[in-house]
1. Any residue at all in the range 244-253 that's free of Cβ contacts under 8 Å to residues at least 24 places away in the same chain, out of contact with any Ser or Thr (no Cβ under 6 Å at 6 or more places or on another chain) and within 16 Å of the ligand (Cβ to nearest atom)?
2. Which of the following residues is at pLDDT 95 or above, buried (at least 24 other Cβ atoms within 10 Å of the Cβ), over 15 Å from the mean Cα position of the chain (by Cα) and not small (G, A, S): Y83, Y91?
3. D287 versus (1) charged (D, E, K, R); (2) closer than 18 Å to M41 by Cα; (3) not in a helix (DSSP H, G or I): which is the lone unmet condition?
4. On the basis of being in contact with a Phe, Trp or Tyr (Cβ under 8 Å, 6 or more places away or on another chain), within 14 Å of the ligand (Cβ to nearest atom) and either of a type outside the set (G, A, S) or in a loop (DSSP other than H, G, I, E, B) (or both), does C20 make the cut?
5. Quick check on my filter: what residues within the range 160-214 are surrounded by fewer than 22 Cβ atoms within 10 Å (Cβ to Cβ), among the charged types (D, E, K, R) and part of a helix (DSSP H, G or I)?
6. Restricting to the range 37-75, what's the tally of residues that are β-branched (V, I, T), within 19 Å of W297 (Cα to Cα) and at pLDDT below 95?
7. State the number of residues belonging to the range 1-58 that are of a type in the set (G, A, S) and crowded, with 23+ Cβ neighbours inside 10 Å.
8. Mind listing just one residue for me: the one in the range 129-147 that is more than 16 Å from the ligand (Cβ to nearest atom) and farther than 17 Å from G277 by Cβ and, of those, surrounded by the fewest Cβ atoms within 10 Å (Cβ to Cβ)?
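The values are calculated or read from the model by the stated rules, or taken from the named source; none is laboratory data. Everything numeric in this text was worked out from a predicted model, so none of it was measured. Counting neighbours? That spans all protein chains shown, and the Cβs are built from the backbone with ideal geometry, glycine included.
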Amino acid sequence: MPAGPVAAKIRTSLLCLAICDALGGPAEFQPRGSFPLITSMQANRNFRLPPGAWTDDTSMTLLLIDSLSSTRTFSEADQAARYLRWLTTGYLSVTGVCFDAGNATRMAVGIWASGGGLDDVRKALDKKACCGNGSLMRVLAVALVFWAEAAETGCELARRSSAVTHPHRVCQEACALYVLLVSTILRCAAARTSVTKADLLQLLRDWEYETTELGAIFGVENWIDKEEIDIQSTGYVVYSLEAALWVFFGTDSFVEGAVKVVNLGDDADTVGAIYGGIAGAWYGGGDAFWEGKAKEWKEDLLKCDVVEAFAEKVVRIAT
Ligand SMILES: [Mg+2]
């Protein structure tokens with residue numbers, strides 16, 4: 001793992017989530033191989049956005065940070081209230097208007113808005129058909145805020161953050177796995193303990209899987225040797241996590257992975273965002289990070305100052 005202080009890794013992680021979200025946005029809904037290679041920020045015709053515009057993935061991550069940093073506690077009801085504010089007023093949308101929100105998220109927030117709570121969300125949405133990546137796309141916030149806690153605590157809060165809109169245990173476990181990886185990177189950086197990608201893969205193998213869906217992928221030796229054709233970058237939470245981590249473990253630089261991940265197409269912005277969060281934490285922190293393509297993408301990111309301001313909120317409460 002490249003060396004660097006935790007605060008710099010947190011800043012880089014959040015920025016890279018937004019960058020890969022914006023980079024992948026134009027490829028969202030496009031089949032792999034059906035569009036010219038993306039290596040720079042392009043207009044997003046899906047939502048008529050200019051180049052560099054981030055989407056719901058970044059908005060939801062900022063909203064979760066907003067809740068965690070404002071309340072200084074963990075309140076599912078407060079998180080849902082902020083998602084509602086985004087859906088109804090465009091709060092923390094890059095355009096000022098909400099777009100790209102997932103179906104499960106809309107349904108769950110509607111339940112909260114009409115006085116429901118976790119039990120009601122569970123009754124309505126605890127099913128396989130509601131295993132999209134809506135909670136995984138934002139859970140980086142939990143990793144960045146609670147990285148210094150015990151790993152079990154971070155994983156439990158990841159599960160709780162998922163249950164606000166995505167209560168199925170597959171969604172919850174995917175969020176826990178992601179937070180385990182990112183928080184491990186930050187804890188090792190803080191302790192100046194060396195950790196390799198092989199160590200992170202071992203963590204995934206050693207995890208006691210609750211769900212066969214995730215265990216059948218990440219509990220298996222050499223899963224990262226899969227061919228690209230066997231990697232689906234869809235909105236199913238299991239495949240989104242697999243695609244993002246397959247790219248992270250199979251590439252050697254942030255830029256190489258970012259180009260690879262967004263060009264997988266399909267749910268390219270969200271898979272990109274999931275990749276960007278962990279890759280930014282891994283590679284970030286050194287002086288040399290913001291050079292070349294990474295520098296260009298950051299300069300082209302719309303409302304970069306908003307993302308940076310939220311990174312500072314995290315740094316203030318978490319370092
Ligand atoms: Mg999106």
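1. Going residue by residue through the range 244-253, those that are free of Cβ contacts under 8 Å to residues at least 24 places away in the same chain are 246, 251-252.
Next, from what is left, pick out any that are out of contact with any Ser or Thr (no Cβ under 6 Å at 6 or more places or on another chain): 246, 251-252.
Now narrow it down to the ones that are within 16 Å of the ligand (Cβ to nearest atom): none.
Scanning the range 244-253, I find no residue that is free of Cβ contacts under 8 Å to residues at least 24 places away in the same chain, out of contact with any Ser or Thr (no Cβ under 6 Å at 6 or more places or on another chain) and within 16 Å of the ligand (Cβ to nearest atom), so the answer is no.
2. Working: Y91 fails: buried (at least 24 other Cβ atoms within 10 Å of the Cβ).
Unique residue meeting the criteria: Y83.
3. (2)
4. Working: in contact with a Phe, Trp or Tyr (Cβ under 8 Å, 6 or more places away or on another chain): yes; within 14 Å of the ligand (Cβ to nearest atom): yes; either of a type outside the set (G, A, S) or in a loop (DSSP other than H, G, I, E, B) (or both): yes.
So C20 passes the test.
5. Correct list: R160, R169, R187, K197, D199, R205, D206, E213.
6. The number of residues fulfilling the criteria is 0.
7. Filtering the range 1-58 down to residues of a type in the set (G, A, S) leaves 3-4, 7-8, 13, 18, 22, 24-25, 27, 33-34, 40, 43, 52-53.
Cutting the leftovers down to crowded, with 23+ Cβ neighbours inside 10 Å gives us 13, 18, 22, 24-25, 27, 52-53.
Result for the range 1-58: 8.
8. Per the stated criteria, the residue is A129.
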